[in-house]
Each structure stands twice: as C-alpha cells, then as structure tokens.
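Data first, discussion second: the structure below is written as structure tokens.
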Amino acid sequence: MTLDGKVALVTGGSRGIGAATALRLAEDGADVALTYVKNGARAAEVVDRIKNLGRRALAIQADSADAAAVSAAVSAVVAEFGRLDVLVNNAGVGFVGAFDETSLEDVDRVLAVNVRGVFAATQAAAGVLSDGGRVITIGSCVTDRVPGPGMALYATSKAAMVGLTKALARELGSRGITVNLVHPGPTDTDMNPADGPYAADQRALTAFDRYGNPAEVAAAVAYLASPGAEYVTAAVLSVDGGHAA
Ligand code: NDP
C-alpha cells in the first residue's frame, strides 16, 4: 500500500472531512493520529475504525486555537509512533455573517483556528516531519469563488492558506517535503449539511448540481500524501464539483 510505514496526523479528525481523511490514510497503510476539540466519543469511533483496519491510531484532544496544545499533540504522535510523515491541517470553523455585523471578537475566534492554528501546527510539525514528508491543508472553494454575501471573514481565513502554502513550500522544499492545499467545494458534513439552509444555492453552483462527500475530498488528500505526488508542491487541488468554473 502507498502509505505503509508512514505516520499521519489529521487535525479535526473526529468528524466530516477530517474523519474521512483519517480513515482513507489508514486504508492506504498509514498509522493515524487525529485531534478533536469537543467530540471525544466521535474521535474514539474513528480510532476504533482505524484499528479495525489493522493500523495504529491515537486520538488527542487539542484545540487548534491553543498553540501549546497543538505542539503537545505533535510531540505525543512522535512519542507514540516514533515519527511523523504527513500533517493534514483540516480543523476549521465555519462562519457566515453580515460584514457590518461581524465583530472583531468573531475575527479573532475564526482566525485563531483557521489561520493561527494551521500556522502553529505546521510550525510544530516541521521540525519533526520526515524528509520527503507532506503538509496538506484543507482550504476552501470560497478562495476561488465567493458565492454571495456573508463570507468575508471565512474567505479571509481560507485565502490566507494560499500564501502560507506557497511560502512553506519554499521553506521545506530542501528537505523534499511537499506543501499543498485542497479546496473542497460544498461537502456534506455537520458544518455544511447537504440539506442545510444554504445548500440549494451552493449545489446549483457546481457542475453536477450536487454536494461532494467527505470521501471525495479525502481521496485528493490521499493522492497528495502518496509517493506519486512527490513533485507536486505549492499546488491547489480543487475538489469542488466545478464550483469555481
Ligand atoms: P465539521 O464541522 O463537520 O468538522 C470539524 C472537525 O474539526 C471536527 O472534527 C471538529 O472536532 C474539529 N474542530 C473544530 N474546531 C476545532 C478546534 N478549534 N480544534 C481542533 N479541532 C477542531 O467540518 P468539515 O468536515 O465540514 O470541515 C473540515 C475542513 O474543511 C474545515 O477546515 C472547513 O473549513 C473545510 N471546508 C469544508 C467545506 C464543507 O462544505 N464542509 C467546504 C470547504 C472547506 P470536534 O468533533 O471535537 O468538534
């Protein structure tokens, strides 16, 4: 299998895209650690499913807004599994709200997870990532196309991932570490349910008139984590059903 002997850490791996990614990387042969913030029971379910695949698994409570907790999570992975090869920066929070009603407290809260949290996790991981390792961040299709009002804060947070990904590709390239970004389109999760209040408009903007599912995003992450993607860095891989077209 493509990831045999590799160790991956997926932030926010208890539900949605992160859980699907954790499972997919395990299916491809990796041992997988995941973080969560609230849902220990859901995280434990993902761990059980990974162990049933014959892989090692570990769930760690670590709020991405807490840099010390994120750094401790990275250390715990290396202590448990002896190495780290793949970091998936998936943990994120959504936000929809009128621009003139978005408070600076909202700004701090969203950026703390979606930007500062990714920066901190990657900084903690960079020192221990194996040569030839992978950093894969989950951005958003709103970076390419903002479908309507109310997205200023969330789009700001996800657009920052484009700059961070390019800059880190330059930082880490000398060690053969690739740094890439995946832009999901509307994907059926708790954050953005396919039967939610904004679903019809989002669905209509895709070429397929349907939501994606978390496994479809996980497949893109699995490709970027695979040996076949070793010359792919600073790239954006959209899994958005044509949302940006
Ligand atoms: P969900 O809300 O369904 O799941 C979020 C996951 O992240 C959960 O595992 C949650 O843990 C964890 N999480 C949330 N906040 C934190 C935090 N502060 N620290 C650590 N973990 C945290 O989200 P999705 O699966 O939909 O989204 C995953 C990523 O994909 C996000 O970055 C999101 O912005 C992005 N995305 C999603 C799209 C969609 O349509 N769904 C579209 C484009 C991008 P817990 O279970 O403990 O709460």
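The values are calculated or read from the model by the stated rules, or taken from the named source; none is laboratory data. Everything numeric here is computed off the predicted structure, so don't read it as measured data. Every residue, glycine as well, gets a Cβ built from its backbone with ideal geometry; the counts of neighbours run over all protein chains shown. Just the protein is used for accessible areas: all its heavy atoms, side chains included, with ligands, DNA and RNA removed. Shrake-Rupley method; radii C 1.70, N 1.55, O 1.52, S 1.80 Å.
Each row is one residue, and each column tells you yes or no for (1) open to solvent by less than 30 Å² (accessible area, probe 1.4 Å); (2) farther than 21 Å from residue 222 by Cβ; (3) modelled with pLDDT under 95.
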{"position": "126", "(1), (2), (3)": "yes, yes, no"}
{"position": "130", "(1), (2), (3)": "yes, no, no"}
{"position": "146", "(1), (2), (3)": "no, yes, no"}
{"position": "155", "(1), (2), (3)": "yes, yes, no"}
{"position": "160", "(1), (2), (3)": "no, yes, no"}
{"position": "165", "(1), (2), (3)": "yes, no, no"}
{"position": "169", "(1), (2), (3)": "yes, no, no"}
{"position": "181", "(1), (2), (3)": "yes, no, no"}
{"position": "184", "(1), (2), (3)": "yes, no, no"}
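One line per residue, one yes/no per condition, for (1) in a loop (DSSP other than H, G, I, E, B); (2) near the ligand (Cβ under 10 Å from one of its atoms); (3) more than 17 Å from residue 93 (Cα to Cα); (4) touching a residue at least 24 places away in the same chain (Cβ under 8 Å):
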{"position": "149", "(1), (2), (3), (4)": "yes, no, yes, yes"}
{"position": "159", "(1), (2), (3), (4)": "no, no, no, no"}
{"position": "163", "(1), (2), (3), (4)": "no, no, yes, no"}
{"position": "174", "(1), (2), (3), (4)": "no, no, yes, no"}
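Matching residues to (1) of a type in the set (Asp, Glu); (2) out of contact with any strand residue (DSSP E or B) (no Cβ under 8 Å at 6 or more places or on another chain); (3) in contact (Cβ under 8 Å) with a residue 12 or more places away in the chain; (4) in a helix (DSSP H, G or I):
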{"position": "190", "(1), (2), (3), (4)": "yes, yes, yes, no"}
{"position": "202", "(1), (2), (3), (4)": "no, yes, yes, yes"}
{"position": "215", "(1), (2), (3), (4)": "no, yes, yes, yes"}
{"position": "241", "(1), (2), (3), (4)": "no, no, yes, no"}
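Can you tell me which residue in region 61-99 is surrounded by the fewest Cβ atoms within 10 Å (Cβ to Cβ), limited to those that are within 12 Å of the ligand (Cβ to nearest atom) and closer than 21 Å to residue 5 by Cα? Give the steps one after another, and end with the answer.
Restricting attention to region 61-99, the residues satisfying the condition of being within 12 Å of the ligand (Cβ to nearest atom) are 61-67, 69-70, 73, 88-96.
Within this subset, residues satisfying the condition of being closer than 21 Å to residue 5 by Cα are 73, 88-89.
On the way: 73: 24, 88: 29, 89: 30.
This residue is 73.
Scan region 1-60 for residues that are under 18 Å from the mean Cα position of the chain (by Cα), β-branched (Val, Ile, Thr) and open to solvent by 20 Å² or more (accessible area, probe 1.4 Å) and jot them down.
17, 37, 60, listed by residue number.
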